[in-house]
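**Student:** Below is one structure. I have some questions about it.
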Amino acid sequence: MEEQKTTIEVKSLSIGYKNYAVAENINFELQPKELCAIIGVNGIGKSTLLRTLGKLQPKLSGEILVEKQLLENYNPSDFAKQTSIVLTEPIASKNLTVKELITLGRQPYTNWLGSLTTADKKYIVESIQNFELEEFTGKKCHELSDGQLQRVLIARAMAQDTPLILLDEPTTHLDLYHKVQILKLLQQLAHQYSKTILFTTHEIDLAIQLCDKILILDGQENPFAPPCELIKEGCFNTLFPSEMVKFDVKTGTFKVNK
Amino acid sequence: MMQGKAKSYRFSFILLLGVLLFTWFLNISSGSVNIPIKFTFSALFNGEVPVDSWKYIIWNYRIPKAFTAILVGGGLALSGLLMQTLFRNPLAGPFVLGISSGASLGAALLLLGSSLLSGFVVFGFLNDVSLVIAASLGSFLVLLIVMIVANRVRDTMALLIIGLMFGSVTSAIVSVLAYFSDAEQLQRFIFWSYGSVGNLSWNQLILLASIIFIGVLLSVFSIKKLNAFLLGENYAQSLGVSLKKSRLLIIIATGLLAGSITAFAGPIAFVGLAVPHLTRQLFNTMEHKILVPAVFLYGAILMLLCDTIAQLPNSASVLPINAITSLIGAPVVIWLLVRKRKLLF
């Protein structure tokens, strides 16, 4: 059997802020072509985890290895070639056009003035085509709908051409159709382009159907496995207080207690 | 595709350069002494001029003044662009960081504080050079404090508010000093605060030009980082930009530009704030490779025009240039605020 390539490996990681830990004992590893969702109740530290993995915030303890190298051993520009990120925060200038925004994804590779090479342009055009954004390239970001903007932001991360892509709640503010559209797109990206994609979400039903792996953040055990195994082990049953919602093992969905 | 874009802006750049040349000539051909345009030309190209003093006026007064206006306008506008991108705020400018107020404080301490230290400072010592030094020291002192704070505070909005607070504190100190100083000193300070591009000798002009050259150079080196900042600081960091270093570089560039200009020409309002927005109307892009040179040219043109108006052609009186830039700049800011209800920065 071929040796498996590990994109990201996390060992007994604690995350949080100077004075207190938000979540501890996080362990998982992901290979290329794997789409993984991080789920958990509000405030459990999903975004904190994602920001820690994206090197935007220091970890408290434990190890994070991206492409077999410790996170803290990367300098900023080398790390930008390994990991791209899509955040929940709005971009600062919505006056950017779609094309300008996607072009910014090439920054880790361009020279000091940011001049684009032929290869850079190829990646940009490819990203635009993959996400069917041809008709929007000249549009300003404030002219786009939430769903379109989200696609543009993912296209920018794609243009950055990194083995690992992190997304913080890519489906919030979207209707069911666009939620499915975005998640299908992520699945396609992971499988077709051998990317490792890790995202936080509240769409547990959809994540169960589409993801290869799921990490449930509960602050103690933090189970990590393919969705079917998690269902078998009953990990979803204890996710929310049982007097309000109950997990239905047969359908793989949550039901409200009447 | 990017090349096609660059080509379409080439026309705008040629247009701006043409307008710059025209306004430059307009500026040197008008002034308190009426010199016919024909002789302005011949004085420029070393031809025959009927009155000897005309040549002297043009070469030693009007040309340095016109170049000062170019440096002042371009430099202030560029520092405004840097601040707006760094602080992700369309209303940021060199004034907001407190750099201009720092310069005012320096000037005020020298001009108004001398009565408090009367034994120390001989009044005759108060020439223009000491004023420039005091104002520069003031702006760099504020810059230093802002830089120390910038290294501690991660949030740029907090930094912006700190800059505003600095402005309030310095203007309060200036008011206190003004209250205790006598009329003559107050008059000197007020004249400085009116702003002027006309009092620089060739030597001073060369000094100012060198400082601004360094500021522009640093801005050019920041272009890629400025583009990344358009996404916000977290995104910029995820693109490999080192936040602390880049912020420091941009703040130093702004300090050099705005600090030196305020020291030499007085606090000139609104150019830094308004010109980047005017430029964005002509150049529909956020790419700083285009915006940095365009904003500099646009600022230079506006300053030459303001100075030409301030000169009140063929009259001996000169209006304070700060008043002219405010008269043009304030309506632009109002227009922006009204438009911002629909449009984002």
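The values are calculated or read from the model by the stated rules, or taken from the named source; none is laboratory data. None of these values were measured; they are calculated from a predicted model. Virtual Cβ from ideal backbone geometry, glycine too; neighbours counted across all protein chains shown. Protein only, heavy atoms only, side chains kept; ligands, DNA and RNA dropped before computing areas. Shrake-Rupley method; radii C 1.70, N 1.55, O 1.52, S 1.80 Å.
**Student:** Using a Cα-Cα cut-off of under 15 Å, which aspartates and glutamates could be cross-linked to A:Lys213, ignoring same-chain neighbours fewer than 8 residues away?
**Tutor:** A:Glu9, A:Glu29, A:Glu34, A:Glu203, A:Asp205, A:Glu229, A:Glu233
**Student:** Check A:Leu167: other-chain or 5+ apart residues with amide H under 5 Å from its amide H, H built from backbone geometry?
**Tutor:** A:Val86, A:Leu198, A:Phe199, A:Thr200
**Student:** Per residue, how much accessible area does the protein assembly as shown show when a 1.4 Å probe rolls over the protein heavy atoms, in square angstrom? Show your work: numbers first, answer last.
**Tutor:** Working: 27220 Å² over 603 residues.
Ligands and nucleic acids excluded, the figure is 45 Å² per residue.
**Student:** A follow-up question, please. What does the charge count around B:Ala236 come to, taking other residues whose C-beta lies under 11 Å from its C-beta (Lys +1, Arg +1, Asp -1, Glu -1)? The partial results should precede the final answer.
**Tutor:** Details: positive: B:Arg88, B:Lys224, B:Lys225, B:Arg247; negative: B:Glu233.
Around B:Ala236, the surrounding residues sum to +3.
**Student:** Taking every pair of Cα atoms in segment A:122-258, average 1/r, invert it to obtain the Kirkwood radius, and report Rg/Rh to two decimals.
**Tutor:** Values: Rg = 17.1 Å, Rh = 16.6 Å.
My calculation puts Rg/Rh at 1.03.
**Student:** Right, here's the next one. So which residues in segment A:15-57 end up with at least 50 square angstrom less accessible surface once the other protein chains are there, compared with the chain by itself, probe 1.4 angstrom?
**Tutor:** A:Leu56
**Student:** Build a GNM of chain B with springs between Cα atoms under 10 Å: which of B:Ile14, B:Ile28, B:Ile211 gets the top mean-square fluctuation?
**Tutor:** Looking only at B:Ile14, B:Ile28, B:Ile211, the biggest GNM fluctuation is shown by B:Ile14.
**Student:** Based on the Cα atoms of segment A:91-161, what semi-axes does the equivalent ellipsoid have, where each is the square root of 5 times one gyration tensor eigenvalue, given in whole Å with the largest first?
**Tutor:** Working: eigenvalues 76, 35, 19 Å².
Values for segment A:91-161, descending: 20, 13, 10 Å.
**Student:** Under 10 Å, Cα contacts only: if you run a Gaussian network model on chain A, which one of A:Asn75, A:Asn222, A:Asn27 comes out with the highest mean-square fluctuation?
**Tutor:** Among A:Asn75, A:Asn222, A:Asn27, the largest GNM mean-square fluctuation belongs to A:Asn75.
**Student:** Relative contact order for chain A: what is it in percent, counting Cα pairs under 8 Å that are at least 6 residues apart? Spell out each step's value before the answer.
**Tutor:** Details: 459 pairs, mean separation 66.5, N = 258.
After rounding, I find 26 percent.
**Student:** Follow-up. Can you give the average number of partner chain beta-carbon atoms within 10 Å of each beta-carbon in peptide A:93-104, as a whole number?
**Tutor:** Values: counts 12, 5, 9, 6, 4, 0, 3, 7, 4, 0, 4, 10.
Mean number of neighbouring Cβ atoms from other chains: 5.
**Student:** Once amide H atoms are built 1.01 Å from N in the peptide plane, which residues 5 or more positions from B:Leu312, or in another chain, come under 5 Å H to H?
**Tutor:** B:Leu319
**Student:** Right, here's the next one. From the backbone phi of segment B:273-288, what are the Karplus-calculated ³J(HN,Hα) couplings (6.51 cos²θ - 1.76 cosθ + 1.60, θ = phi - 60°) in whole Hz, Gly and Pro given as x?
**Tutor:** Once rounded to whole Hz, the list reads 7, 7, 4, x, 6, 4, 5, 5, 5, 8, 10, 7, 8, 10, 5, 6.
**Student:** Interface A/B, total buried accessible area with a 1.4 Å probe, nearest 100 Å²? Please list the in-between numbers first.
**Tutor:** On the way: alone 13420 and 16740 Å², together 27220 Å².
Result for this pair: about 2900 Å² buried.
**Student:** Using heavy-atom solvent-accessible surface (probe 1.4 Å) with all chains present, what is the largest-first order of A:Val98, A:Val245?
**Tutor:** Working: A:Val98 0, A:Val245 40 Å².
The ranking, largest first, comes out as A:Val245, A:Val98.
**Student:** Under the definition of Cα pairs under 8 Å and six or more residues apart, what whole-number percent is the relative contact order of chain B? Could the numbers behind the result be given before it?
**Tutor:** Details: 496 pairs, mean separation 107.9, N = 345.
For chain B, the relative contact order is 31 percent.
**Student:** Continuing with the same structure: Over segment A:54-178, calculate the relative contact order: mean separation of alpha carbon pairs under 8 Å at least 6 apart, over the residue count, as a percent. All intermediate terms of the calculation are to be shown ahead of the outcome.
**Tutor:** Details: 136 pairs, mean separation 47.4, N = 125.
With pairs under 8 Å counted, the relative contact order is 38 percent.
**Student:** Would you tell me the accessible area of B:His277, worked out with a 1.4 angstrom probe on the heavy atoms of the protein chains, in Å² to the nearest 10?
**Tutor:** 10
**Student:** Additional query: Determine the equivalent ellipsoid of segment B:55-102 by diagonalising the alpha-carbon gyration tensor, then write out the semi-axes as square roots of 5 times the eigenvalues, largest first, rounded to whole Å. Walk me through the numbers on the way to the answer.
**Tutor:** On the way: eigenvalues 195, 23, 6 Å².
Values for segment B:55-102, descending: 31, 11, 5 Å.
**Student:** As I understand it, the dipole of chain B uses +1 on the Cβ of Lys and Arg and -1 on the Cβ of Asp and Glu, about the Cα centre. Which of B:Ala183, B:Val169, B:Ala294 lies farthest toward its positive end?
**Tutor:** Result: B:Ala294, furthest along the dipole toward the positive end.
**Student:** Using a 1.4 Å probe over the heavy atoms of the protein chains, calculate the carbon and sulfur portion of the accessible area of the protein assembly as shown as a whole percent. Numbers along the way, then the final one.
**Tutor:** Values: 16850 of 27220 Å².
Within the protein assembly as shown, the accessible surface is 62 percent carbon and sulfur.
**Student:** Let me ask another. Roughly how big is the protein assembly as shown's charge dipole about its Cα centre, with Cβ charges of +1 (Lys, Arg) and -1 (Asp, Glu), in debye to the nearest 20?
**Tutor:** About 980 debye.
**Student:** Please give the net charge around B:Ile251, taking every other residue with its beta carbon less than 13 angstrom from that of B:Ile251, where Lys and Arg add +1 and Asp and Glu add -1.
**Tutor:** On the way: positive: B:Lys225, B:Lys244, B:Lys245, B:Arg247; negative: none.
That sum, taken over residues with Cβ under 13 Å, equals +4.
**Student:** Report the semi-axes of the equivalent ellipsoid for segment B:2-340 in whole Å, largest first, where each axis is √(5λ) for an eigenvalue λ of the Cα gyration tensor.
**Tutor:** Numbers: eigenvalues 205, 165, 52 Å².
The three semi-axes for segment B:2-340 are 32, 29, 16 Å.
**Student:** Using bins 10 angstrom wide from zero, how does P(r) for the protein assembly as shown break down, in % of all Cα pairs?
**Tutor:** In order of increasing distance, the bins hold 3, 15, 22, 20, 15, 11, 7, 4, 1, 0, 0 percent.
**Student:** On the full set of protein chains, 1.4 Å probe, figure out the accessible area of B:Trp59 and give it in Å² to the nearest 10.
**Tutor:** 100
**Student:** Let me ask something additional. What is the sum of charges around A:Ile124, taking Lys and Arg as +1, Asp and Glu as -1, for the other residues whose C-beta is under 11 Å from the C-beta of A:Ile124? Show your work: numbers first, answer last.
**Tutor:** Details: positive: A:Lys99, A:Arg106, A:Lys121, A:Lys122, A:Arg156; negative: A:Glu100, A:Asp120, A:Glu126, A:Asp161.
Net local charge, A:Ile124 excluded: +1.
**Student:** Same structure, new question: Segment B:209-234: which residues show an accessible-area loss of 50 Å² or more, assembly versus chain alone, 1.4 Å probe?
**Tutor:** The answer is B:Lys224, B:Leu230, B:Leu231, B:Asn234.
**Student:** Now for a separate question. Based on Cβ point charges of +1 for Lys and Arg and -1 for Asp and Glu, what charge dipole magnitude is obtained for chain A about its Cα centre, in debye rounded to the nearest 20? Walk me through the numbers before you get to the answer.
**Tutor:** Numbers: 28 positive and 32 negative charges, 81 e Å.
Around 400 debye, computed over chain A.
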